[in-house]
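Beneath this line is the structure, given in C-alpha cells, with notes to follow.
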Amino acid sequence: MFFKKRLVLMALATFCASPVHAWEHDFMRGLDLYSASDNEATIRLVCDPNCVYGGTETMVLIVLGGNSDLNTTATLAFPDGETVTARLVHGRLSKRDLGDALWKPLLEGFRNTSRVELTVGDTTRIVELGDPVAFTCV
C-alpha cells in the first residue's frame with residue numbers, strides 16, 4: 001500500500017512540475033473564447049462562429065506583461081515562415097479591420113502550430129501555444 005501511494009505521489013509531482021501549455025477554451029454569450037499564456041504574454045482568440053454579433057466580434061486579443069491596452073504594431077511569426085504584421089488597437093486585431101488577406105494566414109497559423117514569435121512594439125516573446133486547435137473562427 002505504501003509503495004502504491006508513493007508511486008502515485010511521485011507521478012503527480014512530476015506532472016505538476018512540468019509546465020503545460022495549451023489553449024484553454026470557454027464559451028460565453030454565444031462566443032467561443034480561446035486563450036494561451038506563456039512568457040508574460042497572453043493571446044486570446046474570440047470566435048463568433050454563428051454570427052451572434054454579426055461576425056464583428058471575431059478577433060485576437062493580445063496582453064503583454066499585464067498590459068492589454070496596446071496601441072502599436074504587432075508581428076506574429078509562425079514556424080512555417082508565415083508572418084502577419086498589423087496595427088494593434090487597444091490590444092485587438094479584429095477580423096473586420098484586418099480583412100481576409102491577413103486574417104486567414106493568422107488563423108491558419110494558430111490552427112497549425114504549437115508556438116508563435118510575438119513582437120509587440122520593440123518587445124519579442126516566444127509563446128508556446130500547445131497543441132493546435134480546430135478553432136471555430138471563420
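Of note:
- Length-normalised contact order for the stretch 49-94 - Cα pairs under 8 Å, 6+ apart - percent: 40 percent
- Compared with the rule-of-thumb size 2.2 N^0.38 Å for a compact globular protein, the stretch 31-138 has a Cα radius of gyration ratio of 0.97.
- For the pair Val138 and Glu40, a Förster radius of 35 Å applied to the C-beta separation gives a FRET efficiency near 0.70, rounded to the nearest 0.05.
- Stretch gain in nm, segment Phe27-Ser114, where the contour uses 0.36 nm per residue and the Cα spacing is subtracted: 29.1 nm
- Cβ-defined net charge surrounding Asn67, 15 Å radius [Lys, Arg +1; Asp, Glu -1]: 0
- In this simple spin-label approximation, Asn50 and Asp69 carry label points 7 Å from Cα along the Cα→Cβ vector, and these lie 3.4 nm apart.
- Coupling constants for the stretch 66-80 follow from the phi torsions by the Karplus curve (6.51 cos²θ - 1.76 cosθ + 1.60, θ = phi - 60°), and in residue order they are x, 9, 9, 9, 9, 10, 7, 8, 10, 10, 10, 10, 9, x, 7 Hz; glycine and proline get x.
- Remark: the Arg96-Glu82 segment gains 3.0 nm on full extension, using 0.36 nm per residue and subtracting the alpha carbon distance.
- Note on the stretch 74-119: Cα-Cα pairs beyond 17 Å make up 26% of the total pair count.
- Within-14-Å neighbourhood charge of Asn39 [Cβ basis; K, R +1; D, E -1]: -2
- The residues packed around Phe135, meaning those with a beta-carbon under 11 Å from its beta-carbon, carry a net charge of -1 if Lys and Arg are +1 and Asp and Glu are -1.
Quick note: the coordinates plus some simple rules give every number you see, no bench work behind them. Everything numeric in this text was worked out from a predicted model, so none of it was measured. Cβ atoms come from the backbone with ideal geometry, glycine included; neighbour counts cover every protein chain shown.
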